[in-house]
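Attaching a single structure in structure tokens format; questions to follow.
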There are 2 protein chains.
Amino acid sequence: MAEIRVAGTGITDFGEHDRTTRDLFAEAGLAALDDASVPAEDVEALYYGNFIGELAERQGHQGPLVAEAAGLDCPSTRVESACASSGAAVREGVQAIHAGADVVVVGGAERMSNMGTEGATEGLATAADDLHEVRAGVTFPGAYALMASAYFHQHGGGPEDLAHIAVKNHDNALVNDHAHLQQEITVADALDAPQVASPLGLYDACPISDGASAVVLVSDDYAEENDLSAPVAITASSQASDHLALHDRESLTETPATEVAAEAAYQEAGIGPNDLDCIEVHDCFTIAEVLALEGLGVYETGEAIGAARRGETTRDGELPVNLSGGLKAKGHPVGATGAAQIVELTRQLDGTHPRAPDDASVGLAHNAGGTVASVTVHVLEVAE
Amino acid sequence: MAEIRVAGTGITDFGEHDRTTRDLFAEAGLAALDDASVPAEDVEALYYGNFIGELAERQGHQGPLVAEAAGLDCPSTRVESACASSGAAVREGVQAIHAGADVVVVGGAERMSNMGTEGATEGLATAADDLHEVRAGVTFPGAYALMASAYFHQHGGGPEDLAHIAVKNHDNALVNDHAHLQQEITVADALDAPQVASPLGLYDACPISDGASAVVLVSDDYAEENDLSAPVAITASSQASDHLALHDRESLTETPATEVAAEAAYQEAGIGPNDLDCIEVHDCFTIAEVLALEGLGVYETGEAIGAARRGETTRDGELPVNLSGGLKAKGHPVGATGAAQIVELTRQLDGTHPRAPDDASVGLAHNAGGTVASVTVHVLEVAE
């Protein structure tokens, strides 16, 4: 089975854009092809993550649309798994190469700021169970607030622990030119911020962002034949699902989809959580970073809440988490997020990230949809 | 590379349902698993086509939702390619088996009737280019009317030729218990019907339907080891894209995406159009059947318009087209359509369809999104 290499990456600035998704994806896609030195005519498929184009732009069927915008003439498929849309797109691309393709582009885009905060919140809510959650008033800030409250109740910790996660991720975003929020904050800032859904405040939540990301994936044979510089390999790609509605889960503080996907990824890559040098996890809210770290087996249950406060996940810590700034500060243009994690992780592993750990060789990307009802996990490694 | 078998199929009645997509898909998915005699725990992935759940039900993220409803605990991904959504889902499932899986479920569902005719027409329009088509008033009846007018101008033919296609597909639907429109019509009925978008009348258009479809795909190894009855194999799966907007195409009457996907499928299966015994093509409008037959190489350019009138594509003709009733009369619950074609074609090849040609051994399914901007083609053959 072909080993899969990251041949090139592209990303737009994340933030507020007065541009369509087709335009945003064109920028990211063209940048990725240019970075890869791969001609557009070699691309055999595009997998494109987008979440709510129908609501944001009245534009569905974006697969062919964004392919054309990025100069690609190939089968193009839109994949939607809520906030894990482009994580799922990356996985489809990996699978396409395992099934015989040599070159695929994966990525995603989202336009959200034009919907306004209320419109975007309503749009995001379509990732929850409309019949049993949304109609009862559960939007995502509310759902994650429930999860945070349950966590504090079961395991201890509190808003100050979450504030340390926000401070860390904002600090990381300071050196990410593409980040939406390049703004240093303090624990006091976070604790003093307006409440969004108690116990979560403004700085516990990611912003509403527009943006796009793209990655060129190639088989190792293609990389070799074309003499590409592609030092980072994707050595595992996994996905899992869970009940969409929180009330159908056994626990509000465990995320089985993360656990199942992580276990499968570790097995495929032949590694364990202790082998990781840097990771990007899905921190749509600060509490989500905690749940992710525990679901991934990086921390025991109840232990991740203090990780940032103790400095273990900061840029100088044992395992830097979300060196990109995470969704929290890099921003979260939903359909772009999963592939953006691959873009950022590649930079951390190929040595071009200013704060990458010395000799980082193994990274992991964790992308989650809804209240962790869809999860993709990718393991990236510096190839031998 | 594994040969892929259709192990089981399931489909709901197509028509107006006061039921959610999750409920519709549960019926189809459970029926397919039952038909396949495959336990739910063996299913490694679900690929699910849905087009406008966000607009119809304010429900995105349907992958995990419908997996749960159908009793599946596996990675589940929603694929959207407008009216080719579940054709694309079938292709992802085929690819998953080529990449190493043994059992996947593919399918789709759509709920549309609750949107009303105007709402559904607006929803469907999100498959066109919002900036350059929809804002100029182009909905799909309008777009296909432009294509029909251009065809008549370039190649001759007229509404009466299209009427014969409608009559044929309505006739075929009479023996399809799942069809939305089980109603015999005459050429005069079609010609006398109200105009929808000149030159297309009411009987040139498919109805707005709700429904779901599902197919269990397995590797031949799995079929053999588990002693499954799975006589029909998928021997080719291809996909192509085109410019989303009609005005970007070189011709209004040619469909390069169909041509490219067909050529790839014929090559993969080692067959040509003359080898086909029965086919299901994407006849969202009668003119679309004409364009499909020419794009697939079954007819030369300008020749397919008279095929139904000449009796060549009727159930007793040389190559029966849309024995299921087609989208025209079976109905077109958008996300369900592509996989429904596989359901129907399987029945035509395994001998359970009452009007299947004697000794039919090779079939083809053609699913198109937008004005043929996304196309999937699948070749099904009775395995040796």
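The values are calculated or read from the model by the stated rules, or taken from the named source; none is laboratory data. These numbers come from a predicted model, not from an experiment. Don't worry about glycine lacking a Cβ; one is built from the backbone with ideal geometry, like all the others, and counts go over all protein chains shown.
If A:Val105 satisfies all but one of (1) more than 17 Å from A:Leu380 (Cα to Cα); (2) under 21 Å from the mean Cα position of the chain (by Cα), what's the number of the condition it fails?
(1)
On to the next question. Tell me, please, whether a residue that is within 20 Å of the chain's Cα centre (by Cα), surrounded by 24 or more Cβ atoms within 10 Å (Cβ to Cβ) and not small (Gly, Ala, Ser) can be found in segment A:218-227. Can you show your working first?
Within segment A:218-227, the first condition is being within 20 Å of the chain's Cα centre (by Cα), and the residues that meet it are none.
For segment A:218-227, residues within 20 Å of the chain's Cα centre (by Cα), surrounded by 24 or more Cβ atoms within 10 Å (Cβ to Cβ) and not small (Gly, Ala, Ser): absent.
Let me ask you something else. Mind listing whichever residues of segment A:41-65 are within 13 Å of chain B (Cβ to nearest Cβ), more than 20 Å from the chain's Cα centre (by Cα) and under 23 Å from A:Ala230 (Cα atoms)?
A:Val43, A:Glu44, A:Ala45
May I pose another question? Considering each of A:His247, A:His243 in turn, give the residue that is outside any helix (DSSP H, G or I) and within 17 Å of A:Val372 (Cβ to Cβ). Full working, then the answer.
Values: A:His247 fails: outside any helix (DSSP H, G or I).
Only one candidate passes the filter, namely A:His243.
Here's the yes/no breakdown for (1) of a type in the set (A, V, I, L, M, F, W, C); (2) assigned to a helix (DSSP H, G or I):
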position	(1), (2)
A:Asn114	no, yes
A:Glu122	no, yes
A:Pro141	no, yes
A:Tyr144	no, yes
A:Met147	yes, yes
A:Gly157	no, no
A:Val167	yes, yes
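Can you name every residue in segment B:91-114 that is among the hydrophobic types (A, V, I, L, M, F, W, C), within 7 Å of chain A (Cβ to nearest Cβ) and surrounded by 24 or more Cβ atoms within 10 Å (Cβ to Cβ)? Talk me through it step by step, then tell me what you get.
Step one: filter segment B:91-114 for residues among the hydrophobic types (A, V, I, L, M, F, W, C), giving B:94, B:96-97, B:99, B:101, B:103-106, B:109, B:112.
If we keep only those that are within 7 Å of chain A (Cβ to nearest Cβ) as well, we get B:96, B:99.
B:Ala96, the sole residue that qualifies.
When segment B:38-75 is examined, which residues are found to be touching a residue at least 60 places away in the same chain (Cβ under 8 Å) and polar (S, T, N, Q)?
B:Asn50, the sole residue that qualifies.
Moving to a separate point now. What number of residues within segment B:316-344 satisfy the criterion of being hydrophobic (A, V, I, L, M, F, W, C), buried (at least 24 other Cβ atoms within 10 Å of the Cβ) and more than 12 Å from B:Ile11 (Cβ to Cβ)?
First, the residues of segment B:316-344 that are hydrophobic (A, V, I, L, M, F, W, C): B:319, B:321, B:323, B:327, B:329, B:334, B:336, B:339-340, B:342-343.
From the residues that got through so far, the ones that are buried (at least 24 other Cβ atoms within 10 Å of the Cβ) too are B:321, B:323, B:327, B:329, B:334, B:336, B:339-340, B:342-343.
From the residues that got through so far, the ones that are more than 12 Å from B:Ile11 (Cβ to Cβ) too are B:321, B:323, B:327, B:329, B:334.
Number of matching residues: 5.
B:Glu224: farther than 27 Å from B:Thr121 by Cβ and not in a loop (DSSP other than H, G, I, E, B), yes or no?
Numbers: farther than 27 Å from B:Thr121 by Cβ: yes; not in a loop (DSSP other than H, G, I, E, B): yes.
Yes; evaluated as a whole, the condition is true for this residue.
Would you mind finding the one in B:Ala212, B:Ala188, B:Ala163, B:Ala179 that is at pLDDT 95 or above, in contact with a Phe, Trp or Tyr (Cβ under 8 Å, 6 or more places away or on another chain) and assigned to a helix (DSSP H, G or I)?
Details: B:Ala212 fails: assigned to a helix (DSSP H, G or I); B:Ala188 fails: in contact with a Phe, Trp or Tyr (Cβ under 8 Å, 6 or more places away or on another chain); B:Ala179 fails: assigned to a helix (DSSP H, G or I).
Checking each option against the conditions leaves just B:Ala163.
Continuing with this model, one more query. Checking the conditions here, which among A:Asp277, A:Asp242 is under 18 Å from A:Asn367 (Cα atoms) and crowded, with 24+ Cβ neighbours inside 10 Å?
Working: A:Asp277 fails: crowded, with 24+ Cβ neighbours inside 10 Å.
None of the others qualify; the one that does is A:Asp242.
Additional query: Confirm whether B:Leu323 is at pLDDT 95 or above, assigned to a loop (DSSP other than H, G, I, E, B) and touching a His at 6+ places or on another chain (Cβ under 8 Å). Give the steps one after another, and end with the answer.
Numbers: at pLDDT 95 or above: yes; assigned to a loop (DSSP other than H, G, I, E, B): yes; touching a His at 6+ places or on another chain (Cβ under 8 Å): yes.
So B:Leu323 fits the description; yes.
Ok, one more. State all residues of segment A:55-86 that are charged (D, E, K, R) and touching a strand residue (DSSP E or B) at 6+ places or on another chain (Cβ under 9 Å); if no residue qualifies, say none. Can you show your working first?
Step one: of segment A:55-86, the residues charged (D, E, K, R) are A:57-58, A:68, A:73, A:78, A:80.
A:Glu68, A:Asp73, A:Arg78, A:Glu80, listed by residue number.
Now for a different question. How about segment A:284-313: which of its residues are on the phi < 0 side of the Ramachandran plot, part of a loop (DSSP other than H, G, I, E, B) and surrounded by fewer than 23 Cβ atoms within 10 Å (Cβ to Cβ)? Give the steps one after another, and end with the answer.
Keep residues of segment A:284-313 that are on the phi < 0 side of the Ramachandran plot, which gives A:284-296, A:298-301, A:303-310, A:312-313.
Subset that is part of a loop (DSSP other than H, G, I, E, B): A:284, A:296, A:298-301, A:303, A:307-310, A:312-313.
Hits for segment A:284-313 are A:Tyr299, A:Glu300, A:Thr301, A:Glu303, A:Arg309, A:Arg310, A:Glu312.
So, one more: Is it fair to say B:Glu259 is under 19 Å from B:Thr376 (Cβ atoms), modelled with pLDDT of 95 or more and within 14 Å of chain A (Cβ to nearest Cβ)?
On the way: under 19 Å from B:Thr376 (Cβ atoms): yes; modelled with pLDDT of 95 or more: yes; within 14 Å of chain A (Cβ to nearest Cβ): yes.
So B:Glu259 passes the test.
Among the residues of segment B:124-133, are any on the phi > 0 side of the Ramachandran plot, within 13 Å of chain A (Cβ to nearest Cβ) and buried (at least 24 other Cβ atoms within 10 Å of the Cβ)? Step through it out loud before you land on a result.
Step one: list which residues in segment B:124-133 are on the phi > 0 side of the Ramachandran plot, which gives none.
Within segment B:124-133, none of the residues are on the phi > 0 side of the Ramachandran plot, within 13 Å of chain A (Cβ to nearest Cβ) and buried (at least 24 other Cβ atoms within 10 Å of the Cβ).
Any residue that is buried (at least 24 other Cβ atoms within 10 Å of the Cβ), β-branched (Val, Ile, Thr), within 10 Å of chain A (Cβ to nearest Cβ) and in contact (Cβ under 8 Å) with a residue 60 or more places away in the chain - is there at least one of those in segment B:78-90?
Residues of segment B:78-90 buried (at least 24 other Cβ atoms within 10 Å of the Cβ): B:78-90.
Of the ones still in play, those that are also β-branched (Val, Ile, Thr) are B:79, B:90.
Now drop any that are not within 10 Å of chain A (Cβ to nearest Cβ), which leaves B:79.
Filter once more, so that each one left must be in contact (Cβ under 8 Å) with a residue 60 or more places away in the chain: none.
Within segment B:78-90 (the criterion being buried (at least 24 other Cβ atoms within 10 Å of the Cβ), β-branched (Val, Ile, Thr), within 10 Å of chain A (Cβ to nearest Cβ) and in contact (Cβ under 8 Å) with a residue 60 or more places away in the chain), the answer is no, since none of the residues qualifies.
Name, by its number, the condition in (1) away from chain B (no Cβ under 14 Å); (2) of a type outside the set (Phe, Trp, Tyr); (3) crowded, with 24+ Cβ neighbours inside 10 Å; (4) not in a strand (DSSP E or B) that does not hold for A:Arg355.
Among (1) away from chain B (no Cβ under 14 Å); (2) of a type outside the set (Phe, Trp, Tyr); (3) crowded, with 24+ Cβ neighbours inside 10 Å; (4) not in a strand (DSSP E or B), A:Arg355 violates only (3).
Now, a different point. Scan segment A:100-112 and tell me whether some residue there is over 27 Å from A:Gly10 (Cα atoms) and basic (Lys, Arg).
Keep residues of segment A:100-112 that are over 27 Å from A:Gly10 (Cα atoms), which gives none.
No - not one qualifying residue is present in segment A:100-112.
Now for a separate question. Test A:Glu68 against the stated conditions and say whether it is within 7 Å of chain B (Cβ to nearest Cβ) and surrounded by 24 or more Cβ atoms within 10 Å (Cβ to Cβ).
Working: within 7 Å of chain B (Cβ to nearest Cβ): yes; surrounded by 24 or more Cβ atoms within 10 Å (Cβ to Cβ): no.
Criteria not met by A:Glu68.
I'd like to verify a number: residues in segment B:216-247 that are more than 14 Å from chain A (Cβ to nearest Cβ) and not acidic (Asp, Glu), how many? Talk me through it step by step, then tell me what you get.
Here is the first cut: in segment B:216-247, the ones more than 14 Å from chain A (Cβ to nearest Cβ) are B:216, B:218, B:220-233, B:235.
Okay, now just the ones that are also not acidic (Asp, Glu), so B:216, B:218, B:222-223, B:226, B:228-233, B:235.
The qualifying residues number 12.
Any residue in segment A:152-161 that is of a type in the set (Phe, Trp, Tyr) and under 30 Å from A:Leu24 (Cβ atoms)? Lay out the reasoning, then the answer.
Step one: list which residues in segment A:152-161 are of a type in the set (Phe, Trp, Tyr), which gives A:152.
Narrowing the set further to residues that are under 30 Å from A:Leu24 (Cβ atoms) leaves none.
Looking for residues that are of a type in the set (Phe, Trp, Tyr) and under 30 Å from A:Leu24 (Cβ atoms), one finds none in segment A:152-161, hence no.
Consider A:Val106 carefully, then state whether it is assigned by the TED database to the domain that holds A:Ala288, β-branched (Val, Ile, Thr) and in contact with a helix residue (DSSP H, G or I) (Cβ under 8 Å, 6 or more places away or on another chain). Spell out how you get there, then give the answer.
Working: assigned by the TED database to the domain that holds A:Ala288: no; β-branched (Val, Ile, Thr): yes; in contact with a helix residue (DSSP H, G or I) (Cβ under 8 Å, 6 or more places away or on another chain): yes.
Spelling it out, it is not the case that A:Val106 is assigned by the TED database to the domain that holds A:Ala288, β-branched (Val, Ile, Thr) and in contact with a helix residue (DSSP H, G or I) (Cβ under 8 Å, 6 or more places away or on another chain).
Right, next: Residue under question is A:Val290, and the condition is that it be modelled with pLDDT of 95 or more and assigned by the TED database to the domain that holds A:Ala88; does it hold?
Values: modelled with pLDDT of 95 or more: yes; assigned by the TED database to the domain that holds A:Ala88: no.
Considered against the rule, which asks whether it is modelled with pLDDT of 95 or more and assigned by the TED database to the domain that holds A:Ala88, A:Val290 comes out as no.
Residue by residue through segment A:9-34, note down the ones that are surrounded by 24 or more Cβ atoms within 10 Å (Cβ to Cβ) and either out of contact with any helix residue (DSSP H, G or I) (no Cβ under 9 Å at 6 or more places or on another chain) or in a strand (DSSP E or B) (or both).
If the condition is that a residue be surrounded by 24 or more Cβ atoms within 10 Å (Cβ to Cβ) and either out of contact with any helix residue (DSSP H, G or I) (no Cβ under 9 Å at 6 or more places or on another chain) or in a strand (DSSP E or B) (or both), then A:Thr9, A:Gly10, A:Ile11 are the ones that fit.
Name every residue in segment A:197-208 that is within 17 Å of A:His180 (Cβ to Cβ) and in contact with a helix residue (DSSP H, G or I) (Cβ under 7 Å, 6 or more places away or on another chain), in order of residue number. First the steps, then the outcome.
From segment A:197-208, those within 17 Å of A:His180 (Cβ to Cβ) are A:202-208; that's our starting set.
The answer is A:Tyr203, A:Asp204, A:Ala205, A:Cys206, A:Ile208.
If you scan segment A:358-377, which residues turn out to be touching a Pro at 6+ places or on another chain (Cβ under 6 Å) and either in a strand (DSSP E or B) or free of Cβ contacts under 8 Å to residues at least 12 places away in the same chain (or both)? Walk me through it before giving the result.
So in segment A:358-377, the residues touching a Pro at 6+ places or on another chain (Cβ under 6 Å) come out as A:373-374.
Scanning segment A:358-377 gives a single hit, A:Ser374.
Next up: Which numbered condition in (1) touching a Phe, Trp or Tyr at 6+ places or on another chain (Cβ under 9 Å); (2) surrounded by 22 or more Cβ atoms within 10 Å (Cβ to Cβ) is the only one that B:Asp42 fails?
The one condition B:Asp42 does not meet is (2).
Among what's in segment B:359-374 and is under 10 Å from the mean Cα position of the chain (by Cα) and among the aliphatic types (A, V, I, L, M), pick the residue that is farthest from the other protein chains (Cβ to nearest Cβ).
Result: B:Ala365.
Let me ask something else. Is it the case that some residue within segment A:336-354 is under 23 Å from A:Glu92 (Cβ atoms) and touching a Pro at 6+ places or on another chain (Cβ under 6 Å)?
So far as segment A:336-354 goes, no, none of its residues is under 23 Å from A:Glu92 (Cβ atoms) and touching a Pro at 6+ places or on another chain (Cβ under 6 Å).
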